[in-house]
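A short worksheet on the structure shown next.
The values are calculated or read from the model by the stated rules, or taken from the named source; none is laboratory data. Note that this is a predicted model, so its numbers are computed, not measured. All Cβ positions, glycine included, derive from the backbone under ideal geometry; neighbour counts span all protein chains shown.
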């Protein structure tokens, strides 16, 4: 009886944590890279912090332009194959830090 109660208690805690948003994001299985599925979730106007939560990485600076900047996020294919330049380039407005353009290469 005690084991059954423990299992039920753990199940209830997991359910409550998931509903409260405490569970890891679905994309947390790719912490060092970006998948095409994650890339497709990015929309113009999203804040940089939200992009980083979806991608699970903060990327690296890839230069700037008048009024903004671009960050590069390596693709999982490039990371897992040991090289290559494929990935996502996301450009942000320098004042609002919102997505103005995205491209997959």
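Residues of the range 44-76 that are exposed (fewer than 15 other Cβ atoms within 10 Å of the Cβ), more than 13 Å from the chain's Cα centre (by Cα) and either free of Cβ contacts under 8 Å to residues at least 24 places away in the same chain or in a strand (DSSP E or B) (or both): 60, 61, 62, 63, 64, 65, 66.
Annotation: of all residues in the range 78-95 being out of contact with any strand residue (DSSP E or B) (no Cβ under 8 Å at 6 or more places or on another chain), touching a residue at least 24 places away in the same chain (Cβ under 8 Å) and surrounded by fewer than 16 Cβ atoms within 10 Å (Cβ to Cβ), the one that is nearest to residue 50 (Cα to Cα) is 95.
Of the numbered criteria (1) closer than 14 Å to residue 102 by Cα; (2) at pLDDT below 95, the one residue 28 fails is (1). Scanning the range 28-43 for residues that are assigned to a helix (DSSP H, G or I) and in contact (Cβ under 8 Å) with a residue 12 or more places away in the chain, we see that the one that is surrounded by the most Cβ atoms within 10 Å (Cβ to Cβ) is 38.
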